[in-house]
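**Q** The structure follows.
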Amino acid sequence: MMSQESSEQPTIMALSPARTTTLLSNLSSVTTRITIATSKCTTSRSAPRLVAVSKLKPASDILALHTPPTTHLHFGENYLQELQEKARLLPPTIKWHFIGGLQSNKCVSLARDTRALWAVESVDSEKKASLLDKGWGDRKSDMGGEEKLRVFVQVNTSGEEAKSGVDPAQEVVGLCRFIREKCPRLKLQGVMTIGAIARSKATTPENENEDFICLKEAKDRVNKELVLEGEDALELSMGMSEDFEGAIVLGSDEVRVGTTIFGDRPPKDQARVV
Ligand SMILES: *Cc1c(COP(=O)(O)O)cnc(C)c1O
């Protein structure tokens, strides 16, 4: 087929009809799978939030899903610069989640300078929590966002050395307490895990994933020790492309799905926002 692009001015955000159709169909099948998994839960509950993980994918892919009538709202990104660039280009109605490894020296900028930032999911130290709290306080009102910045504490549920996150027994309670007591501009929204690849590959709706059980136990422990109930009770952010249905059956409140919606990601040095 002849490409028509060469004869046109390059548009910042050209939406290809074919790509849009693929993305909408992928999103719709993930949504259906979420609905089915939710219906298998023993207690009746609403479907979890779906964060569409768009890291290393172009801004046009995000716009295709954020356009009516679909207007998907929650998108997740792993790299600060990429997130800030996308958040500047795309409508401020998107709710951005930072889900990547968090470096202390970038926390202030993340909280202060990212338009429409909705949540930071990878908080794993008191220092980083304090810096996010400070950055949110320095934020200009035209950057969007609510009174408090939602944060999730990342928990290392698999015990792998290379994974970031606090330990699920003691540290998680301490860090959650610190955020609640010492970070007035942060709202402790929940706990998050990535988990071991091998365990997610073995996860089916019938085969329970140890990482998810571990995170659920950590959440219950924090809720109990800090007496968090109702609006304050913590959420579980767990489940990705390989294992989101199993995570939902174990009570996940938020799944983060990338590849199943957007396809395989390019290497980082080949990724382009525009
Ligand atoms: C990349 C990423 C995801 C999405 O992974 P997929 O396997 O592509 O669905 C979810 N959570 C985190 C923290 C990630 O870094």
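**Q** Starting with the fewest neighbours, write out 53, 155 ranked by other beta-carbon atoms found within 10 Å of each beta-carbon.
**A** The order, fewest Cβ neighbours first, is 53, 155.
**Q** What is the extension gain from residue 103 to residue 182, computed as 0.36 nm multiplied by their sequence separation minus the C-alpha to C-alpha distance, in nm to one decimal?
**A** Roughly 26.5 nm would be gained on extension.
**Q** Please give, to one decimal in nm, the separation of the simple spin-label points placed at residue 81 and residue 169, each 7 Å out from Cα toward the Cβ.
**A** In this crude spin-label approximation the distance works out to 4.1 nm.
**Q** Which semi-axes, in whole Å and largest first, does the equivalent ellipsoid of the chain have when worked out from the alpha carbon gyration tensor as the square roots of 5 times its eigenvalues?
**A** Calculated on Cα positions only, the semi-axes equal 31, 24, 16 Å.
**Q** A further question follows. Hey, could you pull the Cα Rg and Dmax for segment 64-111, both in Å?
**A** When restricted to Cα atoms, segment 64-111 yields Rg and Dmax of 11.8, 39 Å.
**Q** Say we join alpha carbon atoms closer than 10 Å with springs in a Gaussian network model of the chain; which of 219, 140, 86 then has the biggest fluctuation?
**A** Sorting by GNM fluctuation, first place goes to 140.
**Q** Then there is this: Which log10 I(q)/I(0) values does segment 91-211 give at q = 0.09, 0.14, 0.23 Å⁻¹ under the Debye formula, counting every alpha carbon as one identical point scatterer?
**A** Log10 of I(q)/I(0), two decimals: -0.27, -0.60, -1.24.
**Q** Continuing with the same structure: Treat every Asp and Glu Cβ in segment 194-274 as -1 and every Lys and Arg Cβ as +1, leave all other atoms uncharged, and give the resulting dipole magnitude about the Cα centre to the nearest 20 debye.
**A** Working: 10 positive and 18 negative charges, 98 e Å.
Once rounded to the nearest 20, the dipole reads 460 debye.
**Q** Averaging sequence separations of C-alpha pairs under 8 Å and six or more residues apart, then dividing by the length of segment 120-259, give the relative contact order as a whole percent.
**A** For segment 120-259, the relative contact order is 22 percent.
**Q** Taking other Cβ within 10 Å of each residue's Cβ, how do 167, 243, 264, 61 sort, fewest first?
**A** With the sparsest Cβ surroundings first, the list reads 264, 167, 61, 243.
**Q** Can you put 72, 97 in order of Cβ neighbours within 10 angstrom, beginning with the fewest?
**A** Numbers: 72 20, 97 27.
The order, fewest Cβ neighbours first, is 72, 97.
**Q** Classify segment 1-148 as rounded, prolate or oblate from the Cα gyration tensor: take a ≥ b ≥ c as the square roots of its eigenvalues, call it rounded if a/c is under 1.5, otherwise prolate when a/b beats b/c and oblate if not.
**A** Taking the square roots of the gyration eigenvalues as a ≥ b ≥ c, segment 1-148 is oblate.
**Q** Run the simple label-point estimate for residue 269 and residue 217 please: 7 Å along Cα→C-beta, distance reported in nm.
**A** Distance between the two pseudo-spin positions: 4.3 nm.
**Q** In debye, nearest 20, what is the charge dipole magnitude of the chain about its Cα centre with +1 on Lys and Arg Cβ and -1 on Asp and Glu Cβ, if you could check? Before the final figure, lay out each step's value.
**A** Details: 36 positive and 38 negative charges, 126 e Å.
Here the chain has a charge dipole of around 600 debye.
**Q** Sticking with this one: Given a Förster radius of 22 Å and the C-beta distance between residue 148 and residue 227 as r, what FRET efficiency does 1/(1 + (r/R0)^6) yield to the nearest 0.05?
**A** The computed FRET efficiency comes out at 0.70.
**Q** Pulled fully out, how much extra length does the chain show between residue 25 and residue 73, if you take 0.36 nm times their separation in residues and subtract their Cα-Cα distance?
**A** Full-extension gain reported as 15.6 nm.
**Q** Quick one: putting +1 on the C-beta of Lys and Arg, -1 on the C-beta of Asp and Glu, what dipole do you get for segment 107-164 around its Cα centre, in Debye to the nearest 20?
**A** Using Cβ point charges on Lys, Arg, Asp and Glu, segment 107-164 gives about 180 debye.
**Q** Related question: Holding the Cα-Cα limit at 31 Å, pick out from 55/128; 106/182; 224/268 the pairs that are longer than that.
**A** Beyond 31 Å between Cα atoms: 224/268.
**Q** Here's another thing I want to ask about it. Tilt of helix 104-113 relative to the longest C-alpha principal axis of the chain, in degrees (0 to 90, nearest 10)?
**A** 60 degrees
**Q** Straight distance only, please: which aspartates and glutamates reach the Cα of residue 219 with their own Cα at less than 16 Å, same-chain residues fewer than 8 apart left out?
**A** 121, 124, 167, 171, 210, 211, 229, 231, 232, 235, 253, 254
Rule-based calculations on the coordinates, nothing more; no lab input. If you're wondering where the values come from, they're calculated on a predicted model, not measured in any experiment. Cβ coordinates were reconstructed from backbone atoms using ideal geometry, including for glycine residues, and neighbour counts include every protein chain displayed.
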